[in-house]
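Chemist: Let me give you the structure first, and then I'll get to my questions.
The values are calculated or read from the model by the stated rules, or taken from the named source; none is laboratory data. The model shown is predicted, which means the values in this text are computed figures rather than measured ones. Here the Cβ positions follow ideal geometry from the backbone for every residue, glycine too, while neighbour counts run over all protein chains shown. All accessible areas refer to the heavy atoms of the entire protein, side chains included, with ligands and DNA or RNA removed. Shrake-Rupley method; radii C 1.70, N 1.55, O 1.52, S 1.80 Å.
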2 protein chains.
Amino acid sequence: MVDILHRVGMKDATAERVYDAIATIDGLSGWWAERTSGDPSIGGVIEFRFGPGGIDMEVVELEPGRRVVWKVSDGPQEWIGTTVEWDIRTEGDFVIVLFRHVGWREPVEFMHHCSTKWAIYLLSLKELVENGAGRPDPVDIWISDWH
Amino acid sequence: MVDILHRVGMKDATAERVYDAIATIDGLSGWWAERTSGDPSIGGVIEFRFGPGGIDMEVVELEPGRRVVWKVSDGPQEWIGTTVEWDIRTEGDFVIVLFRHVGWREPVEFMHHCSTKWAIYLLSLKELVENGAGRPDPVDIWISDWH
């Protein structure tokens, strides 16, 4: 089992603001995929639609201001059954987000790509929270032939 | 053991140009740390100096146009003994770089930070190769209280 791990900090933010950006359809469509819809409550499924395809996430944990966990119910076959975890806390002048995409079966080349792409989207989340505008798909930064 | 994995592609590039950006002092100082010095030949040590501290890498493999491997000989204690691997290949219109920082003993919070920061520096490498100017430390993108 291999994991994708990231950490970003947001300045002049609150944990509630960051949580809302991760736990609501409006927030998610502002930094990850403009075409986001579905039910963001526990047991609900959020549908993310990108240029190259779609990902469906079942919401499995919600702790307001602190933690969000999704399970991938549909999407690229390497993603199905994997888990995405978000932990949020305040530290000094920053709200820190620890991100983990865990449960990958093999460290395939696509996983390398997704790791870099997650970093790009986390920067987009940071821009949304700090400046009011992120860069969700389809206005995200392309990093290669794979998107 | 847990690894940091990334993948970026560079357009209008050659494998030789990308290799030079990773295997020479001049190249490395253009995207990772402006203050880079040392001996980039096999068995040599390259010294990278950043705002928050320094990293020394021993060069253990060099395959021109294809592969570079470093072993961390000094730096943050979590880094010492870990290995950084670069694989370069051409695919259609892109030169693809597969990056791996392997041998971490524990998925500590600092590893999450380094994973995101590597993505930032890989984008800087991409900018250097594609546009002639990267964003090495100290003009790199800061992502949190940790740099």
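Chemist: Kindly list the number of the only condition in (1) at pLDDT below 95; (2) buried (at least 17 other Cβ atoms within 10 Å of the Cβ) that fails for B:Gly92.
Modeler: (2)
Chemist: Further question: Just checking, how many residues over the stretch A:113-141 are basic (Lys, Arg) and assigned to a loop (DSSP other than H, G, I, E, B)? Break it down into steps so the answer makes sense when it comes.
Modeler: In the first step, residues of the stretch A:113-141 are kept if they are basic (Lys, Arg); the result is A:117, A:126, A:135.
Okay, now just the ones that are also assigned to a loop (DSSP other than H, G, I, E, B), so A:135.
Result for the stretch A:113-141: 1.
Chemist: Being at pLDDT below 95 and exposed (fewer than 14 other Cβ atoms within 10 Å of the Cβ), is that true of even one residue in the stretch B:12-24? Explain how you work it out, then say what you get.
Modeler: Our first condition is that a residue be at pLDDT below 95; within the stretch B:12-24, this holds for B:12.
Filter once more, keeping what is exposed (fewer than 14 other Cβ atoms within 10 Å of the Cβ): B:12.
Checked against the condition, which is being at pLDDT below 95 and exposed (fewer than 14 other Cβ atoms within 10 Å of the Cβ), the stretch B:12-24 yields at least one hit.
Chemist: Then there's this: Starting from residues that are more than 30 Å from B:Gly92 (Cβ to Cβ) and part of a loop (DSSP other than H, G, I, E, B), keep the ones in the stretch B:30-60 and report whichever is modelled with the lowest pLDDT.
Modeler: It comes out as B:Pro52.
Chemist: Please state which of the following conditions A:Thr83 fails to meet, knowing it meets all the rest: (1) free of Cβ contacts under 8 Å to residues at least 24 places away in the same chain; (2) surrounded by 15 or more Cβ atoms within 10 Å (Cβ to Cβ); (3) within 14 Å of chain B (Cβ to nearest Cβ).
Modeler: (3)
Chemist: Is there a residue in the stretch A:130-141 that is closer than 27 Å to A:Glu16 by Cβ, touching a residue at least 60 places away in the same chain (Cβ under 8 Å) and at the interface with another protein chain (Cβ under 7 Å from one of its Cβ atoms)? Lay out the reasoning, then the answer.
Modeler: Our first condition is that a residue be closer than 27 Å to A:Glu16 by Cβ; within the stretch A:130-141, this holds for A:130-137, A:139-140.
From what is left, the residues that are touching a residue at least 60 places away in the same chain (Cβ under 8 Å) are A:130, A:133-137, A:139.
Retained after the next criterion (residues that are at the interface with another protein chain (Cβ under 7 Å from one of its Cβ atoms)): none.
Scanning the stretch A:130-141 turns up no residue that is closer than 27 Å to A:Glu16 by Cβ, touching a residue at least 60 places away in the same chain (Cβ under 8 Å) and at the interface with another protein chain (Cβ under 7 Å from one of its Cβ atoms).
Chemist: Residues being open to solvent by 10 Å² or more (accessible area, probe 1.4 Å), within 7 Å of chain A (Cβ to nearest Cβ) and in a helix (DSSP H, G or I): count how many of those fall in the stretch B:99-112.
Modeler: Our first condition is that a residue be open to solvent by 10 Å² or more (accessible area, probe 1.4 Å); within the stretch B:99-112, this holds for B:100, B:102-103, B:105-110.
With the extra rule that they be within 7 Å of chain A (Cβ to nearest Cβ), the set shrinks to B:107, B:109.
Still in the list and also in a helix (DSSP H, G or I): B:109.
Here the count works out to 1.
Chemist: Just name the residue that is farthest from the chain's Cα centre (by Cα) out of those in the stretch B:84-98 that are of a type outside the set (A, V, I, L, M) and assigned to a strand (DSSP E or B). Talk me through it step by step, then tell me what you get.
Modeler: Step one: of the stretch B:84-98, the residues of a type outside the set (A, V, I, L, M) are B:85-87, B:89-94.
After this cut, where a residue has to be assigned to a strand (DSSP E or B) as well, the list is B:85-87, B:89-91, B:94.
On the way: B:Glu85: 9, B:Trp86: 8, B:Asp87: 11, B:Arg89: 16, B:Thr90: 19, B:Glu91: 21, B:Phe94: 19 Å.
The residue in question is B:Glu91.
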